[in-house]
Amino acid sequence: MNLFAKVALAAIVVIVLALALFLIAIRPSSSGVTEQQAESFVVSDLMQSNSNATINIVSATPSSLKSGSWDIVVSITYNGTLACPTVMVKGFDYPALTLSSVLDSYTSGTIPCFVHGFSNVSSYFISLPSVAIAIATNASSQASSYVSLFGYNETHAHARYYTQLASAATPLSRNFSNVWLVNYTASDANYSEYVVLSNFGNDLGSFSMQR
């Protein structure tokens with residue numbers, strides 16, 4: 001074998017080895033994926049069939065089925081700024097169970113705004129703004145009257161969680177702890193309606209404010 005052939009063969013061997021090392025480096029570990037990779041795969045897959053929804057990771061914990069897999073809980077919300085959002089929660093064990101899931105539906109998405117399981121649980125803990133909105137719409141007669149008066153599709157709702165809400169922050173003149181403040185604002189109304197909701201869905205007070 002002449003010198004040129006030997007050099008060419010050596011170069012090919014080097015290229016093949018380099019390619020093999022590169023493929024090994026980018027290939028996912030057989031033991032599993034990272035938490036961030038699992039979350040990304042799950043959200044990307046859900047977006048393909050829920051393009052108009054807001055998708056958020058609720059929690060991610062190591063799987064009890066397989067090392068390197070993750071138990072991921074995801075919320076899927078439609079019409080999240082209306083008075084009765086549609087909220088679904090999906091649970092995944094990825095990659096142990098690929099992208100199959102267990103589905104729970106939290107809210108009905110229509111007036112009256114029914115929250116599944118809420119009436120049967122004495123210690124229901126509200127962890128999502130969209131669920132706080134749905135419960136407040138049902139819990140507060142002022143909120144439901146406001147929505148009825150100005151129209152469901154014309155009323156936008158927002159919820160914010162406060163660990164402490166000082167008395168000066170609302171006309172109710174009370175200090176609150178661990179509450180949701182839910183706001184309803186209709187496009188053609190000159191005032192907004194507010195509901196203070198406890199973590200467990202109790203209506204702690206309502207008030208109106210001029211816009």
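The values are calculated or read from the model by the stated rules, or taken from the named source; none is laboratory data. All values derive from a computational prediction rather than experimental measurement. Using ideal geometry, Cβ is built from the backbone for each residue, glycine included, and neighbour counts are taken over all protein chains shown. To get the accessible areas, we keep the full protein, side chains included, count just its heavy atoms, and leave off ligands, DNA and RNA. Shrake-Rupley method; radii C 1.70, N 1.55, O 1.52, S 1.80 Å.
General observations
- Verdict on ALA159 being in contact with a Phe, Trp or Tyr (Cβ under 9 Å, 6 or more places away or on another chain), open to solvent by 10 Å² or more (accessible area, probe 1.4 Å) and either touching a residue at least 12 places away in the same chain (Cβ under 8 Å) or in a helix (DSSP H, G or I) (or both): yes
- Condition met for VAL147 (under 28 Å from VAL73 (Cβ atoms) and of a type in the set (Val, Ile, Thr)): no
- When each of TYR161, TYR194, TYR124, TYR152 is tested for being touching a Cys at 6+ places or on another chain (Cβ under 8 Å) and either closer than 19 Å to PRO85 by Cβ or modelled with pLDDT under 95 (or both), the lone residue that passes is TYR152.
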